[in-house]
1. Filter the range 1-57 down to the residues that are within 30 Å of residue 70 (Cβ to Cβ) and not in a helix (DSSP H, G or I), then identify the one that is most open to solvent (accessible area, probe 1.4 Å).
2. Give the residues of the range 10-40 that are more than 17 Å from residue 53 (Cβ to Cβ) and in contact (Cβ under 8 Å) with a residue 12 or more places away in the chain, sorted by residue number.
3. Being modelled with pLDDT of 95 or more and of a type in the set (Val, Ile, Thr) is the filter here, so list the residues in the range 1-43 that pass it.
4. Which one of these does residue 72 not meet: (1) open to solvent by 70 Å² or more (accessible area, probe 1.4 Å); (2) in a helix (DSSP H, G or I)?
Amino acid sequence: MDIKERASQASLILDNPIIEEMWETLEKDHIINWLNTADSTEQESYWHKINALRSVKEYLESLVDADRIVNNK
């Protein structure tokens, strides 16, 4: 799959309203849980979940950005 196709597929995911809602809901819920738990093991677990969500989104955004850079958009 070339850069343009990868960017296109990533854009479909990023622009999907259900996916957007999922990211927002999960991140918000994990942050609330992270802030409201006193158990350090649970806090660390939520911290990793938050970072995993952000990493996935950042990866997809990087695919779109790579296409923009290559095509000077």
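The values are calculated or read from the model by the stated rules, or taken from the named source; none is laboratory data. Quantities reported herein were computed from a predicted structural model and do not represent experimental measurements. We place every Cβ from the backbone using ideal geometry, glycine too, and count neighbours over all the protein chains shown. To get the accessible areas, we keep the full protein, side chains included, count just its heavy atoms, and leave off ligands, DNA and RNA. Shrake-Rupley method; radii C 1.70, N 1.55, O 1.52, S 1.80 Å.
1. 1
2. 11
3. Hits for the range 1-43 are 13, 18, 19, 25, 31, 32, 37, 41.
4. Single failed check for residue 72: (2).
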